[in-house]
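The values are calculated or read from the model by the stated rules, or taken from the named source; none is laboratory data. Quick caveat, the model's predicted, so the values are computed rather than measured. Glycine gets a Cβ as well: all are built from the backbone with ideal geometry, and neighbour counts include every protein chain shown. Surface accessibility is based on the protein's heavy atoms, side chains included, excluding ligands, DNA and RNA. Shrake-Rupley method; radii C 1.70, N 1.55, O 1.52, S 1.80 Å.
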Amino acid sequence: MTDMKSSPAGRSGAAAPAPDPASAAPGQTATTDPLGAAPALAGRRRSEMLYFALRNPKVILGLSVIVAFLLFGLLGPLFSEFGPRERNAGPLGAAPSSDFWLGTTWTGQDVFTQLAHGTRATFQVALMAAAISAFIGMTMGFVAGYRGGRLDEILMMITNIVLVLPVFVVVIVVTAYLGISNTATQALVIGLFNWTWVARAVRAQTLSLRARDFVDLARLSGVRTLSIIRREIAPNMASYLVMTFILLFAGAIVFAATLDFLNLGPRGGMSLGLMLQQANQQAAMSLGLWWWFVFPGAAITAITGSAYLTNVGLDEVFNPKLREM
Amino acid sequence: MRQWRRFLVPLAGAGLVLAACTEDVTDDVADGENVDEAEDTDDADSANAGEFPRNETVYTGGAEWGTYEDWNPNTDGEATFVRGFLYETLFWFDPWEAELKPWLAESGEWIEEDVYEVALRDGITWHDGEQLTADDVKFTFDLRDVPGVEFPELDEWLDEVEVVDDLTVRFHFSDPRAGQWDNVLYDREIVPEHTWGEMDREEIPEASGEDITIGSGAYEYHSHDENRARYERYDDWWATEHLGLEMAARYVVDFRNESNEVAMSQILQNELDLSNFFLPGINQVPEFGESVHTFYSEEPYMLSANTASLIPNHDRSPTDDADLRRALAFSIDVDDIVDTGYQGIVEKADPTGMLPLWLDQGFRDDEVVEEHGFSYDPEEAERILDEAGYVDEDGDGWRETPDGEDMELDFIVPSGWTDWELAAEVIEENLHDVGVNVVLDFVDPGQELDPRRDSGDYDLVFDNQMLLQNHLFAQYFYLYELPVLDEQANRDNPHRVENEHAWELTQELARLGTPPTDDPDDDERFMEIVSELQEITLEDMVIIPLWYNGLWSQVNDSTWTNWPSDDPDTPNYYPTTWANEFMLGGLMTFTEIEPAG
Amino acid sequence: MLTVDRVSKVYRTGAFGTNQLTAVQDVSFDINPGEVVSLIGESGSGKTTIGKMVLRLASITSGTITLDGVDISTYRGRGLKNYYRHVQGVFQDPFSSFNPIFKADRVFAMLKGQYFSSMGRDAWQHKVEAALDAVRLDPAAVVNKYPHQLSGGQLQRLLIARALLLDIKVLVADEIISMLDASTRIDVLNLLAELKADGLGILFVTHDLALGNYISDKTVILQKGVMVETGETTAVFTDPQHPYTQQLLASVPRLDRRWQK
Amino acid sequence: MGRYLGRKGLIYALTLFVAVTINWMLPRFMPGDPISDMVSRAGLRDPEAAARMQAYYENLFGLDVPIWQQYLNYWGSLFSWPPDLGISMWSFPRPVGDLVMGALPYTLALLIPAILLSWYVGNKLGALAARRKALDNTVLPVSYLLTATPYMWLAILLVWFGGMQLGWFPSSRAYSGNLVPEFSMSFIGSLALHWVLPFLSLFLVALGGWAIGMRNLVIYELESDYSNYLGALGAPPRLIRKYAFRNAMLPQITGLALQLGVVLTGNIVTEVVFNYPGLGLLLLNAITSTDFFLLQGIVLFVVIGVLICNFVIDIVYVWVDPRTRTGLQGASA
């Protein structure tokens, strides 16, 4: 059962605009037109793609920021002598200074340390959640698009049902009932509900790639279905899959931060959302401790914003029409 | 696109108007009758029924965490001000002097060993003009056997309520628990028989009471929605004539708030006059000392409302071992909790757990505390542990039990209660320092904490139900009440201690009035019992008192002044709106405030 | 050798397959070694569907297709793989037949992986070169090239060479020259003629009557999925029985006549 | 068109069925027993009284019948009028329906203007940006910044800056403390003043996304074959832009449906930050007080609301896109 939102018309990428219910970026994939991009890709070697990618200022800027934050999350904690929740690390509620670069919280926790640990946890959750969403969404999309028929109908029915459900509310409810004890569970819950647009988009493209003769030829060569999807179809969508993953990653960051902010996240650790939650709960605004809530929010914004930027850049790389604009 | 614009712009506003309309409608449906009534009784100068002039209105908050749905004074959990403003009690309790003061009652005394006589004030009327008489008092107390009504056990020791005349009531007791009875006297609101009596007795606990908010108090019900309840002054209040008390505020609006930080911004922006929220950091905002005040202008800033303690489970190994409990008591650095967790807005608790009120009354047995008390001393803690056989044999850094088993204490902490989370983390560090492995188990406060505490599924837990009450018996009821049930749901004895002797003493204590009474023998016996209970409690280290949770109270004096404080020029009542503490001075607070400027 | 017996194909469309579309109805013919059977019809007549059914790329709704007496629809897994050892296809659009992001000779590597995994490198190289030689392609010109760097004719010949690597008995050639330049068409046709001479059975799917006439031994004419005429090519073309065939033949432009109003 | 809407209707009906069923199942099959919690909270010492209370509540919440009957009753109560969503435990004994209806106007007052205005202004901005390079250079980065901003952060910044630093707007509640909801100028004025900041936090974040989407789509359309063709035919640029804009609108309308869930998410955190008494805050209250019946009621309401909005958007789509009317694409499988 196809519905027109994913019709194999030339604009199918554009017709699945809201990439991610939590990412708040409706037009993000609007111009991502992998079917249009495929022929462009066809004539180009991958190294050539990489060449363009590494010369696209958007990709460079976006990736640098993400990598910088990743490194900060990985290495930052090593440069701090404090624990993320350690009280009295410094004076109480101190403004940023040379000793405490990002200031301290109301109980004297070091904001820099919290930010480093929070960034690490946020990356962990987001990468795991994105991987889970990507796996489910792509599997559903590939299988539905490749096998077609009754299976396609059933899978798309499931997808459409989950698509219409207000995902965040569902996740909140599930979280509330189950209680989330660690980052892996949180990633799993986010991942489990955040794949629908991936499934639809991947299916639409699989559907169109599947109609190409080279797929039939692979079958005539005795290649099994799974290998055909993996070796013939997926590589043709590689650029799109990469971009999908980036969007999922950005979405999962916001998603996890929002859950943490509502105190529905894992207990005990530290994340960017939790920092915001604690700042809000401990009235950082009233106390005038702006550094407590400005930095974690800015970090989330910077990471997700950079992910979007990278995506736009990649879009230009894969879709030369855009590059000329 | 043009037509789009025409279509959209009004839509933006439409949502707001919709909100206004719908609210209006639900409000009419919910309490239309009462609004009409309020308008009827209004003087001609009542300009606008929907608006409360700022300078005639007191805004309060911090007492209501549910919703304003329970207008039934006969059950627990009523909406804020149902006790005190609408319905009143016979007495109120003044914690400064530790004595009951007459309220609806003119006087009350034990005329026989087991008979207590109350004389009501003359000329008290209900809001609808009916007289408040002894029959109303009898009606109120005769509800004691209805399941679900407050004081379910009163029936076990109060035999009969006798109406002598319109203004005199005698209570005949099978077991005259004087101390406990005082508690009932200032806690139980008298309700009018002519409204509540029309209901089937059995249905009374389930009634919302919203349609019969007729009390005797200083304020009448005005209206409410989920987030606020509004009260309007009752101008024929009896206390004006009898006690010369007047309520300066014509309206009182009480807010339910979602969170402390919201209350913080509201008190700073003069959107609350009296806030009974826990507002950590209130002593650090620029407004503090200017427009915003607490009871004390310096540490500890707050009066003490209850004792927060670490509760070890007596029903589980290894916390059933007094030596271990004692070692825990010595290893906890309460000052650290007070200084960093609370930034000095609470006070460290006395080892006996007694609230300052009782310390001031001289009930602390210093000798006992000297011998059995505790303070932060990790070395002593290690010594006790070593001696009791809690040593680290396998070298993993953690002590094992004397039986050689691994020891891991399960400490359940309500997640999201930041102050308790912090305190728990301090304790975790402290215990780790002496080699005791404790694991913080952050659980959902509503869903998991209460059931697990009540059923004894924990090793360690915080609790603060040792409350500010009229008599020390309450503290020892909390500590020793028997029998221990599968579900200790009434909040007493969550640590599941079984000490028959202590329980006997406690019950005996409840029969004695707080000294000084008219009977020196009783007073002597009272002191004996209290000393012995202190000794048992400390020796057995039943619970580990940590700090006094504050009677959180912050005021903004921009609109209303003369709030209670330790300044001799101001009243010194306990300024709280919490339902259980309101008759401890909260009500008196409102009789003292004055418009600013 | 390959027998198509009363084969039909019905597509289900719409939600839950509520609509049916009959693409092929009761078609029967057979192909013998060294025989070219042309399947002629206009677009939508079901000729490609038949080709796909023979190649097991589309399921058979009813009827049977047998190869050497074995029903091909029974093949699964290894059996199917073995079937493809004997039956192969070449399609209309050479560019679509190659995965655009890989080099063209990957189609050989794919076969090596599936069918000749034990064969040594040199032996394989030799075999590929022999196949390329058979289709008259210079290895140096086609190996290590991307599809877009090659011409349509080269690509089609690559595909035929690929099929030749296997031990094929039947080749399904679906419009294989319709997208080629006129100059390369004849080369491919001549190649087919050679293969036929070597005993290969060929199912030649085309919309072009003249081409069918030129190449085939037997002809099947399809109209809207129904087989309207079948028989020896010469018989069909000289003495068409069915009005549709007659009409078709009458409408074929003839090189030897001028177009007249 | 009928077929297209029929198919959509089928999806929605199935979604509703699944959502209602899951919603019904959650409190019954998840760990924890709400009724026991409620009884234990009442703190009865007498086990007999506790048992009586348990029975009373089970009867009250309809839990004293076989599970299949509970399920059927659940459906029955939904289709009765007014729908019976049960009784709240958090605000016992108020009906869940009452609570939801009380909170709904506030949420709608935030959501409807935020969604529609952000959509309108965002699309307008995006279309303008696609046309003017100079504008594009400012609109695009700002839009990316906005769309990457988490709702709660923007809300916190607005509270801090607009509410605390500047003191221009109240930063919590829906109307001032000295008012009673009624149809008066002062009340509506207060409502409007309290509405500004939470509205802005929703509006701004959503705005960015729409602007980017529209800009990209218009550029895409302007570069498309038909635009080039029109240009080659000598059509005036105005006309080409008009076509491009019209075509670019279509995905933006579909996007509106998909965006619904996102804005709803933002709405929850925004209401939490601003203590705005809408459904989001109610939802969180239901969760923190483990009021499963209220939770169920809200979720059901939200799901139905989202389904209705989706359906409306589908109808609008049919109205805007002629292809759906002829069933041109609806039939493709």
Next item on the list: List the aspartates and glutamates whose Cα lies under 12 Å from the Cα of C:LYS145, skipping any in the same chain that are fewer than 8 positions away.
Entry: C:ASP105
Item checked: Principal axis box of the protein assembly as shown, alpha-carbon based, largest edge first, Å -> 139, 81, 65
Margin query: I'd like the residues of segment A:166-189 whose 1.4 Å-probe accessible area shrinks by no less than 20 Å² going from the isolated chain to the full set of protein chains.
Written below: A:PRO166, A:PHE168, A:VAL169, A:ILE172, A:VAL173, A:ALA176, A:TYR177, A:LEU178
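Under a Cβ-only charge scheme (Lys and Arg +1, Asp and Glu -1), can you give me the dipole magnitude of chain C about the Cα centre, in debye to the nearest 20?
Charge dipole, chain C, about its Cα centre: 820 debye, nearest 20.
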Item checked: Protein accessible area in segment A:3-318, 1.4 Å probe - carbon and sulfur % -> 67 percent
Next item on the list: Within 10 Å of each Cβ in peptide B:220-229, how many partner chain Cβ atoms are there on average? Round it to a whole number, please.
Entry: 3
Item checked: Built amide H within the under 5 Å cut-off of B:VAL191, gap 5+ -> B:THR140
Margin query: Run the simple label-point estimate for C:SER183 and A:ARG150 please: 7 Å along Cα→C-beta, distance reported in nm.
Written below: 5.4 nm
Notebook entry, point to check: Going by a 1.4 Å probe on protein heavy atoms, which residues of segment D:130-148 end up with at least 20 Å² less accessible surface in the whole assembly than in their chain alone?
Noted result: D:TYR144, D:THR147, D:ALA148
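What is the magnitude of the charge dipole of segment A:3-318 about its Cα centre, with +1 placed on the Cβ of each Lys and Arg, -1 on the Cβ of each Asp and Glu, and no other charges, expressed in debye to the nearest 20?
Numbers: 21 positive and 16 negative charges, 174 e Å.
About 840 debye.
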Note to self: Between helix B:378-388 and chain B, what is the angle of the helix's C-alpha long axis to the longest principal axis, kept within 0 to 90° and rounded to the nearest 10?
What the structure shows: 60 degrees
Notebook entry, point to check: Which of D:PHE79, B:PHE477, B:ASN260 sits farthest toward the positive end of the charge dipole of the protein assembly as shown, with +1 on the Cβ of Lys and Arg and -1 on the Cβ of Asp and Glu?
Noted result: D:PHE79
Next item on the list: Go ahead and run the numbers for FRET between A:LEU188 and C:SER59, Cβ-Cβ distance against an R0 of 41 Å, rounding to 0.05.
Entry: 0.60
Next item on the list: Quick one: grab Rg to one decimal and Dmax as a whole number for chain D, Cα atoms only, in Å.
Entry: 24.5, 91
Next item on the list: Pop out the ³J(HN,Hα) list for segment D:194-201 in order, Karplus 6.51 cos²θ - 1.76 cosθ + 1.60 with θ = phi - 60°, rounded to Hz; leave Gly and Pro as x.
Entry: 6, 7, 4, 5, x, 4, 4, 5
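How large, in percent, is the carbon and sulfur part of the accessible surface of segment D:154-222 at a probe radius of 1.4 Å? Numbers along the way, then the final one.
Working: 1430 of 1940 Å².
Carbon and sulfur together cover 74 percent of it.
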Check: Taking chain D as a Gaussian network, Cα atoms linked when under 10 Å apart, which of D:LEU197, D:LEU179, D:LEU111 shows the biggest mean-square fluctuation?
Finding: D:LEU179
Check: Accessible area per residue of chain C at 1.4 Å probe, in Å²?
Finding: 47 Å²
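Take every DSSP beta bridge whose two residues both sit in the protein assembly as shown, then give the antiparallel share in percent to the nearest 5.
Working: 81 of 117 bridges.
So the antiparallel bridges amount to about 70 percent of the total.
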Notebook entry, point to check: Accessible area lost on pairing D with A, both sides, 1.4 Å probe, Å² to nearest 100?
Noted result: 6000 Å²
Check: Other chains' Cβ within 10 Å of D:205-213 residues: what's the mean?
Finding: 5
Next item on the list: Find out how many positive minus negative residues lie around B:THR577, taking Lys and Arg as positive, Asp and Glu as negative, among other residues whose Cβ is under 11 Å from that of B:THR577.
Entry: -3
Note to self: Can you compute 3J(HN,Hα) from phi for each residue in segment A:201-218, using the Karplus curve 6.51 cos²θ - 1.76 cosθ + 1.60 with θ = phi - 60°, rounded to whole Hz and x for Gly and Pro?
What the structure shows: 5, 5, 4, 4, 6, 4, 3, 6, 5, 4, 6, 6, 5, 5, 5, 4, 4, 5
Next item on the list: Mind putting a number on the dipole of the protein assembly as shown about its Cα centre? Charges go on the C-beta only, +1 for Lys and Arg and -1 for Asp and Glu, and I need it in Debye to the nearest 20.
Entry: 22120 debye
Checklist line | Per-residue average of Cβ from other chains inside 10 Å of D:157-167 | finding: 4
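For segment D:105-288, take the convex hull of the Cα atoms, compute a quarter of its surface area, and give me that in nm², please. Walk me through the numbers on the way to the answer.
Details: hull surface 51.0 nm².
Mean projected area of the Cα convex hull: 12.7 nm².
With r defined as the distance between the Cβ atoms of B:GLU198 and B:ASP142 and R0 fixed at 25 Å, what FRET efficiency is calculated, to the nearest 0.05? Don't skip to the answer; put the middle values down first.
Details: r = 15 Å, r/R0 = 0.60.
The calculated FRET efficiency here is 0.95.
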Note to self: With only alpha-carbon pairs counted, each pair once and no self-pairs, how large is the Kirkwood hydrodynamic radius of segment A:188-324 in angstroms?
What the structure shows: 18.0 Å
Next item on the list: Please report, to one decimal in angstroms, the Kirkwood hydrodynamic radius of segment C:94-179 built from all distinct Cα-Cα pairs.
Entry: 13.2 Å
Notebook entry, point to check: What FRET efficiency, computed as 1/(1 + (r/R0)^6) with R0 = 45 Å and r the Cβ-Cβ distance, is obtained for A:LEU74 and A:SER227, rounded to the nearest 0.05?
Noted result: 0.80
Item checked: Whole-number accessible area per residue in Å² for segment B:480-597, which is evaluated in the context of all protein chains at 1.4 Å -> 37 Å²
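Once you have the alpha carbon radius of gyration of segment A:3-318, what is it after dividing by 2.2 N^0.38 Å, with N set to its residue count?
Working: Rg = 21.6 Å, N = 316, 2.2 N^0.38 = 19.6 Å.
Against the compact-globule rule of thumb, the ratio is 1.10.
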Margin query: Given a 1.4 Å probe, show me the residues in segment D:175-195 buried by at least 40 Å² of accessible surface when comparing the whole protein assembly to the chain alone.
Written below: D:TYR175, D:GLY177, D:ASN178, D:VAL180, D:PRO181, D:GLU182, D:PHE183, D:LEU191
Check: Which value, in square angstrom to the nearest 100, describes the accessible area buried between chains B and A on both sides, using a 1.4 angstrom probe?
Finding: 1800 Å²
Checklist line | Signed unit charges on C-beta, dipole axis of chain B, positive-most listed residue B:SER107, B:ASN490, B:LEU422 | finding: B:LEU422
Checklist line | chain B - Debye-derived log10 I(q)/I(0), Cα point model, q = 0.07, 0.08, 0.09 Å⁻¹ | finding: -0.47, -0.61, -0.77
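Skip the ligands, DNA and RNA, and give the accessible area per residue of chain D with a 1.4 Å probe, whole Å². Intermediate values should be presented prior to the final figure.
Details: 12970 Å² over 333 residues.
Per-residue value: 39 Å².
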Next item on the list: Please report, as a whole percent, how much of the solvent-accessible surface of chain B comes from carbon and sulfur atoms (probe radius 1.4 Å).
Entry: 42 percent
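Highest mean first, how do A:159-168, C:149-158 rank when packing is the count of other Cβ atoms within 10 Å averaged over residues? It would help to have the intermediate numbers written out before the result.
Details: A:159-168: 23.1, C:149-158: 21.3.
The peptides rank, most packed first, as A:159-168, C:149-158.
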Notebook entry, point to check: What whole number of Å gives the distance from the Cα centroid of segment B:229-261 to the Cα centroid of segment B:287-343?
Noted result: 33 Å
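May I ask for the accessible area buried between chains D and B, both sides summed, probe 1.4 Å, to the nearest 100 Å²?
On the way: alone 18600 and 25090 Å², together 38580 Å².
Counting both chains, the buried surface is close to 5100 Å².
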